[in-house]
Amino acid sequence: MDKPDFKEAIEKGFMPFYEMIIEGEDLIREDINKIVFFGSDDLPYESIAQEFEATFTIIPNTVSAFRKNGGEISILGINKSTAIMKVIEHFNISKVHTFAYGDGLNDLEMLEFVHHGIAMGNAHETVKKVANEVTDSHDENGIYNSFKKYGLI
């Protein structure tokens, strides 16, 4: 990469992730619900998916800085829509009042579950296809603009 300031900003953004890394412990624990793995040319995403897909949900990443072979490993049947369902049940909220905004493949179930599933303008094309609509990108204040459109602010 020939942009040293950009590379430095990316590396600084990843520092909190690196500082939380715990090595040499059992990864099947009560306090872990998702693992993000960074890409490696030596280990293709497909190999990881094939190894773990019977036990976990495996989703390819859509963040270019995580490299092409990166992704997420999470508990089967647990995703962002599961969390939203628990929140609306707890607060007795009608699903008609639910909004979600997403841009990555880990947002698909959430966008399909809520009443207003809105993809960001910079979202992965698959995300845009399942969303009810597409707002502006994050750089163009997409969430703010959508909140204004729906009278949420």
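At an R0 of 25 angstrom, the distance between the Cβ atoms of A54 and E125 translates into a FRET efficiency of 0.35.
Taking every C-alpha pair closer than 8 Å and separated by at least 6 residues, the mean separation divided by the residue count of the stretch 101-153 gives a relative contact order of 29 percent. Taking a ≥ b ≥ c as the square roots of the eigenvalues of the alpha-carbon gyration tensor, the stretch 59-118 is classed prolate because a/c is 1.5 or more and a/b outweighs b/c. Checking the a/c ratio against 1.5 first, then a/b against b/c, what shape does the Cα gyration tensor give for the stretch 81-146? Cα axes put the stretch 81-146 in the prolate bin. At a probe radius of 1.4 angstrom, the accessible area of the stretch 51-150 per residue rounds to 60 square angstrom. Each label point was placed 7 Å from the Cα along the Cα-to-Cβ direction; for D42 and Y150 their separation is 4.5 nm. In the structure shown, the pairs K34/K68; K80/K148; K68/K149 are assessed against 29 Å; a Cα-Cα span above that value is assigned to K68/K149.
Sort the stretch 27-140 into rounded, prolate or oblate with this rule: let a ≥ b ≥ c be the square roots of the eigenvalues of the Cα gyration tensor; rounded if a/c is under 1.5, and if a/c is not under 1.5, prolate when a/b is larger than b/c, oblate otherwise. Oblate, since a/c reaches 1.5 and b/c is not below a/b. With both labels modelled 7 Å from their Cα along Cα-to-Cβ, the S137 to D26 distance reads 4.5 nm. Counting only residues at least eight positions apart within a chain, or on another chain, the aspartates and glutamates with an alpha carbon under 13 Å from that of K95 are E112.
The values are calculated or read from the model by the stated rules, or taken from the named source; none is laboratory data. This structure is a prediction, so every number in the text was calculated from the model and none was measured. Note that each Cβ is placed from the backbone with ideal geometry, even for glycine, and that neighbours are counted across all protein chains shown. Surface accessibility is based on the protein's heavy atoms, side chains included, excluding ligands, DNA and RNA. Shrake-Rupley method; radii C 1.70, N 1.55, O 1.52, S 1.80 Å.
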